[in-house]
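None of the figures in this text is laboratory data; all of them are computed from the coordinates on show. A quick note: this is a predicted structure, and the numbers were derived from the prediction, not measured. Positions of Cβ are backbone-derived with ideal geometry, glycine not excepted, and every protein chain shown enters the neighbour counts.
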Amino acid sequence: MFQKIFNLIQKYDTIIIHRHNKPDGDAIGSQVGLKHILMANFPEKTVYAVGDDPRFFGFVQGSQMDTVADSAYENALAIILDCGASALISDSRYSLAPATARMDHHIFCETIAQEEVVDTSYESCCSMVTDFARQCGLKLTPTAAQALYTGIVTDSGRFRYDGTTARTHALASWLMEQEFDTNEIFRNLYADSYENKKLKAQFILKIQFTPANTAYIYTTREEFDTFGADLFTISRGMTNTMADMKGVSIWANFTETENGILCELRSSLHTIQPIAVKYGGGGHAKACGCTVPDRETVMALLADLDEIGGTQV
Ligand SMILES: [Mn+2]
C-alpha cells in the first residue's frame with residue numbers, strides 16, 4: 001500500500017513534511033515521527049518539517065519547526081500528513097515541489113498530492129506512519145516512537161474511541177520496543193491547572209437532568225462573565241465534565257453568546273449528529289454541535305435528545 005510513496009522517498013534527496021494548521025497531537029506526532037524515521041534510515045537525505053507553531057504540543061521532542069527557503073522546494077518531495085483538505089495545509093509552498101505525496105486518515109474529499117494513501121480505518125495518522133515504517137522495513141528511533149505514540153494516544157482518546165483496533169495496539173506495541181517515557185507524554189497531555197480544575201468543579205455543580213436523564217449545563221451571558229475564561233474553555237472545554245456519569249449516555253453544554261446559544265452535544269452510545277444537523281450544525285456521530293437562537297430552542301433540542309437517549313446507560 002505504501003510502496004509508491006516509499007519509491008518517491010528513495011528518489012528525492014530533499015523531503016519536506018507538511019501537516020494541517022493549528023496542529024493537534026496527531027499532526028505533530030506524525031510529522032516529527034516521519035521526519036526522524038527518514039533521518040535515521042536515509043542519513044544522506046535532507047529532511048525538514050514545516051508549519052505553524054506546535055504550541056501546546058511543543059513538548060513533543062523534535063517538534064521545533066524548520067525554517068525553509070523557497071529554493072529548497074526546487075528538487076524536493078513534499079509529503080502532507082494528517083490533512084484532508086488543501087486549504088488546511090500549513091505552509092502552502094508544498095505546491096512548489098515537483099513531487100508530492102500524502103498519507104491521511106480523514107474521509108477523502110479531494111486529491112491533493114500525486115501519490116496518496118488515504119485510509120480511514122487508521123484511527124490516527126501516526127499509526128499509519130508507523131505501519132508505513134513497519135511495512136517498508138524502516139527502523140525506528142526513540143524520538144520518532146515517542147512522537148508517534150503521542151499522536152496515537154490523542155487521536156484514539158487513550159485507546160478508547162471506536163476507531164481503536166487490534167492493529168492500533170500492535171503498532172503501539174512495536175513503538176514501545178523503543179526507549180521512551182510514556183509517563184512524560186501523559187503528564188504533558190493531561191495535567192490540568194488548578195484554575196481549570198476549579199472551573200470544572202463549578203460546572204459540575206451546574207449539571208441538570210432532563211426526564212430521560214440527558215445531562216446538561218446552561219450558562220447565561222451574565223454568568224459567563226463571572227467565570228473569567230474564554231468562550232472555547234467554557235463551551236467546548238467544560239462539556240466533558242458531564243462525561244462518564246452512570247445513567248447518562250447523552251450530555252450537552254449550552255453557552256449564551258452575542259450570536260446565539262452554542263450547543264456542544266456528546267454521547268457515549270448514540271448517534272446524535274442528526275440532531276445537530278436538524279438545528280443547523282454538524283460534526284461527528286457522537287460529538288457534534290450547533291448554534292440556536294434562544295432558550296426555547298434549547299429545550300426543544302433537549303427533548304429531541306431525550307427521544308434518542310431514553311434512560312439507558
Ligand atoms: Mn489525525
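Here are a few things to note about the model shown:
- Packing-based order for 18-28, 107-117, using average beta carbon neighbours within 10 Å, highest first: 18-28, 107-117
- Spin-label model, Phe232/Val277: points 7 Å from Cα along the beta carbon direction are separated by 2.8 nm.
- Oblate is the label for region 196-309, because a/c, from the alpha-carbon gyration tensor with a ≥ b ≥ c as root eigenvalues, is 1.5 or above and a/b does not exceed b/c.
- Listed peptides 149-160, 174-185 by packing density, highest first (mean Cβ within 10 Å): 149-160, 174-185
- For the chain, calculated [θ]222 nm from helices alone, where every DSSP H run of n ≥ 4 adds -39500 (n - 2.57): -11000 deg cm²/dmol
- Note on region 3-190: antiparallel DSSP beta bridges, both residues inside, total approximately 5 percent of the bridges counted.
- Relative to the Cα centre, the charge distribution of the chain, modelled as +1 at Lys and Arg Cβ and -1 at Asp and Glu Cβ, gives a dipole magnitude of about 580 debye.
- Helix 25-41 and the long axis of the chain differ in direction by around 10°, with both axes built from C-alpha atoms.
- Relative contact order (%) - criterion: Cα under 8 Å, at least six apart; region: the chain: 13
- Separation of the Met176 and Glu296 label points, Cα + 7 Å toward Cβ, nm: 5.6
- Above-threshold pairs, the threshold being 29 Å between Cα atoms, out of Lys35/Lys200; Lys4/Lys35; Lys4/Lys45; Lys4/Lys286: Lys35/Lys200; Lys4/Lys286
- Gyration tensor verdict on region 3-190 (Cα atoms; rounded if a/c is under 1.5, prolate if a/b is larger than b/c, oblate otherwise): rounded
- Summed side-chain charge close to Ile308 - residues other than Ile308 whose Cβ falls under 12 Å, Lys, Arg +1, Asp, Glu -1: -1
- With a cut-off of 13 Å between beta carbons, the residues surrounding Thr220 carry a summed charge of -3, where Lys and Arg count +1 and Asp and Glu -1.
- Counting charges near Thr291 (Lys, Arg +1; Asp, Glu -1) among other residues having Cβ under 12 Å from its Cβ returns a value of -4.
- Ordering Ala99, Ala170, Leu302 by Cα displacement along the dipole of the chain toward the positive end leaves Ala170 in first place; charges were set at the Cβ atoms of Lys, Arg (+1) and Asp, Glu (-1).
- Three-way shape call for region 165-221 based on the alpha-carbon gyration tensor, with the a/c threshold at 1.5: oblate
- For Ile207 and Glu110, a Förster radius of 45 Å and the Cβ-Cβ distance give a FRET efficiency of 0.65, rounded to the nearest 0.05.
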